[in-house]
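Quick notes on the structure that follows.
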Amino acid sequence: MALEFEIVDGTGVNGSAKVNDKNELQVRATNHPIQHVISERDGQAYQVVGDFASVNNSTHTILHLKNTSTTKNMYITYIRVQTVDLAGGTTLPSANTYWQVGTGTTYSSGGTAVTPVNVNFSSANQASATAYDNNPTLGGSFTETDRYYVQSEADAVTYRKEAVMILGPNDTIDVRLISDHTSGTAYARISFFYENADD
């Protein structure tokens, strides 16, 4: 036999909940993106910026990022890329000039170490990560997960990953530019946060 329960309005009785005339519990809730909650509650949201000022008709890694935490997953929320002053190549847009996002590589040498910044400026937490810009040498096999063809001079685009791209301990992500241009500058930014791997 099924049991039916009725929620009774307790407004004003020892701080009990309010119920409307349909016996539905009334609540007040605030909805925030997960990265907002993690940043405010835990101080574990970060951004890292990389660039490369010598685009020269090749494939260049603009930003390489590794999760060095042994207990936390890194969740990618946004990736922003931009090219500036590209010259000497095929007129844009072109199949020869595009951004790639991918995984599977490991840092070998070169490049320039860059430090992720905690975007909760009142938090002293630091990211458990290593990052390199300025076209470091990488080992391993790159696996593409996303691509964007540059549309015009100073073209910028943001990939909204909404934390579905997850780097476990020791996983890496690369943002790189493939281009037939002989000069120019490329920028990349990755936004991310941490949570325990078993949460």
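The values are calculated or read from the model by the stated rules, or taken from the named source; none is laboratory data. Everything quoted here is computed from the prediction, not taken from an experiment. Backbone-built Cβ (ideal geometry, glycine too); neighbour counts: all protein chains shown.
Looking at SER108, SER16, which is the one that is in a strand (DSSP E or B) and without any contact (Cβ under 8 Å) to a residue 40 or more places away in the chain?
SER108
Does ASN56 satisfy being loosely packed, with under 13 Cβ neighbours inside 10 Å, among the polar types (S, T, N, Q) and over 15 Å from the mean Cα position of the chain (by Cα)? The answer is no for ASN56. Within the range 65-81, at least one residue is among the aromatic types (Phe, Trp, Tyr) and under 13 Å from LEU167 (Cα atoms). All of ASN125, ASN73, ASN96, ASN135 fail the test of being modelled with pLDDT of 95 or more, crowded, with 20+ Cβ neighbours inside 10 Å and assigned to a loop (DSSP other than H, G, I, E, B), apart from ASN135. Quick check on my filter: what residues within the range 43-70 are assigned to a strand (DSSP E or B) and within 18 Å of ALA197 (Cβ to Cβ)? Within the range 43-70, ALA45, TYR46, LEU65, LYS66, ASN67 meet the criteria.
TYR194 meets each of the listed conditions (1) loosely packed, with under 15 Cβ neighbours inside 10 Å; (2) of a type in the set (Ser, Thr, Tyr); (3) more than 16 Å from LEU63 (Cα to Cα) apart from (1).
Here's a check for you: in the range 11-52, which residue that is small (Gly, Ala, Ser) and surrounded by 13 or more Cβ atoms within 10 Å (Cβ to Cβ) is modelled with the highest pLDDT?
GLY50
Scanning the range 141-162 for residues that are touching an Asp or Glu at 6+ places or on another chain (Cβ under 9 Å) and of a type in the set (A, V, I, L, M) yields a total of 1. Could you check GLY184 against (1) in contact with an Asp or Glu (Cβ under 6 Å, 6 or more places away or on another chain); (2) exposed (fewer than 13 other Cβ atoms within 10 Å of the Cβ) and say which number it fails? Here GLY184 clears every test but (2). Summed over the range 152-165, the residues that are surrounded by fewer than 16 Cβ atoms within 10 Å (Cβ to Cβ) and either modelled with pLDDT of 95 or more or under 19 Å from GLN35 (Cα atoms) (or both) give a count of 4. Residues in the range 151-191 that are part of a loop (DSSP other than H, G, I, E, B), over 30 Å from ASN56 (Cα atoms) and among the acidic types (Asp, Glu): there are none.
Would you confirm, using the coordinates I've provided, whether VAL84 is crowded, with 17+ Cβ neighbours inside 10 Å and among the aliphatic types (A, V, I, L, M)? Spelling it out, it is not the case that VAL84 is crowded, with 17+ Cβ neighbours inside 10 Å and among the aliphatic types (A, V, I, L, M).
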